[in-house]
Amino acid sequence: MRINFTRNVQISRLAAMALVAFSFFQLPVGAQSSRQSNETTVTGATALVGLATGEMLRFTAFNPDKRESGRPNEPISMQLKLFDAHGDVIAESAQIEIPPGEFRSVDFNQDQLAGANLPGERNQVRTRALWGVRFGSRFLVTTSLEIVQRSTGSSHLWFLTVEALP
């Protein structure tokens, strides 16, 4: 009986040490931070453009300091996706945060698009902005879409829109 008791004590000690050792490790969890949990994604307006070799599409957004109600604004996030004529995603930007009162831009070079055409041909592209907002009151986001000639830096096509979110 003494042998079994000694073995049980050793096993218990070993189990306790393993439990203590595992308690020092943190396993990753799938929970999101509270800041992102209340974020709503709003689909923005789309635009149709053609990009030729040597051109770049630049999408710029401005997050105003104040909402229409006059209250201070909060940061918003933006991601731009580009689609081909078949509706397939051919490029997407990283999700970027735009603080109140600031501009942010994303650029896409024509030759870096998935399925880019041969030199001298145009890629027909549809854009779609995805906005991440954390509040419910309406505010306006000013956006522009430019086609920039990379060799000279000049813009030759320009759209300006004001989107009401959410």
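I want to confirm something. Restricting to the stretch 133-164 and keeping residues that are within 25 Å of Gly87 (Cβ to Cβ) and surrounded by fewer than 19 Cβ atoms within 10 Å (Cβ to Cβ), which single residue is modelled with the lowest pLDDT?
Among those that are within 25 Å of Gly87 (Cβ to Cβ) and surrounded by fewer than 19 Cβ atoms within 10 Å (Cβ to Cβ), it is Leu157.
Tell me the residue from Ser151, Ser137 that is among the polar types (S, T, N, Q), touching a residue at least 40 places away in the same chain (Cβ under 8 Å), more than 30 Å from Glu39 (Cβ to Cβ) and in a loop (DSSP other than H, G, I, E, B), please.
That would be Ser151, the only listed residue that is among the polar types (S, T, N, Q), touching a residue at least 40 places away in the same chain (Cβ under 8 Å), more than 30 Å from Glu39 (Cβ to Cβ) and in a loop (DSSP other than H, G, I, E, B).
Would you confirm, using the coordinates I've provided, whether Val106 is within 13 Å of Ala129 (Cα to Cα) and either assigned to a helix (DSSP H, G or I) or of a type outside the set (S, T, N, Q) (or both)?
yes
Restricted to the stretch 114-132, and to residues that are in contact with a helix residue (DSSP H, G or I) (Cβ under 9 Å, 6 or more places away or on another chain) and at pLDDT below 75, which residue is surrounded by the fewest Cβ atoms within 10 Å (Cβ to Cβ)?
Going through the qualifying residues, I end up with Pro119.
In the set Ala15, Ala52, Ala31, which member is farther than 30 Å from Gly101 by Cα, within 23 Å of the chain's Cα centre (by Cα) and at pLDDT below 90?
Just a single option satisfies the conditions, and that option is Ala31.
The values are calculated or read from the model by the stated rules, or taken from the named source; none is laboratory data. Computed from a predicted structure; not experimentally measured. With ideal geometry, Cβ positions are generated from the backbone for all residues, glycine too; neighbour counts draw on all protein chains shown.
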